[in-house]
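Comments concern the structure below.
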Amino acid sequence: MIKKFELSATGMDLDADIKKYVNRKIGRLDKYITRHARKSAHAEVKLRQEKNKKNDKFFAEVILNLPGETLTAKESTLNVYAAIDIVEAKLRSQLRKYNDKAKSHRTDRKGLLSKFRKMADRDFRGRQN
């Protein structure tokens, strides 16, 4: 679970069911975050309801602060639970891209070191013979 978590709502009451649902959905995103980034991950969840003559509209916005980057996802639907689900799916895909970028940076560095080692081994073997 994401430890640092802020939940706010405007135009609607936050009941226990919504709080529990948001904690479960957004809190579980930590399994998509790298271990070193989990320590400083901070999520801000903002829920808003606008009432129209025809129907109510719910807005969900999640701002996820990670080391080196801030991920944001927004959605508006007729149901607050659906908005949370969609925002969670958007953040999940953004986190995959964030992790791929971090992994590619690490593998590039490792690949470069292995090339130098191979070159050094060839030079060393060539000089011995």
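The values are calculated or read from the model by the stated rules, or taken from the named source; none is laboratory data. Fair warning: this is a prediction, and the values are worked out from it, not measured in the lab. Here Cβ is always computed from backbone atoms with ideal geometry, including for glycine, and neighbour counts include all displayed protein chains.
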(request) Taking the options Val22, Val80, Val62, name whichever one is under 11 Å from the mean Cα position of the chain (by Cα) and surrounded by 16 or more Cβ atoms within 10 Å (Cβ to Cβ). (result) Val62
(request) Quickly run through region 51-76 and pick out the residues that are within 29 Å of Asp100 (Cα to Cα) and among the polar types (S, T, N, Q). (result) Asn65, Thr70, Thr72, Ser76
(message) If I ask for residues that are under 21 Å from Gln49 (Cβ atoms) and free of Cβ contacts under 8 Å to residues at least 60 places away in the same chain, which ones from region 64-86 would you list?
(response) Thr72, Ala73, Lys74, Glu75, Ser76, Thr77, Leu78, Asn79, Ala82, Ala83, Ile86
(request) Scan Ala83, Ala102 and give me the residue that is closer than 30 Å to Glu6 by Cα, at pLDDT below 85 and part of a helix (DSSP H, G or I). (result) Ala102
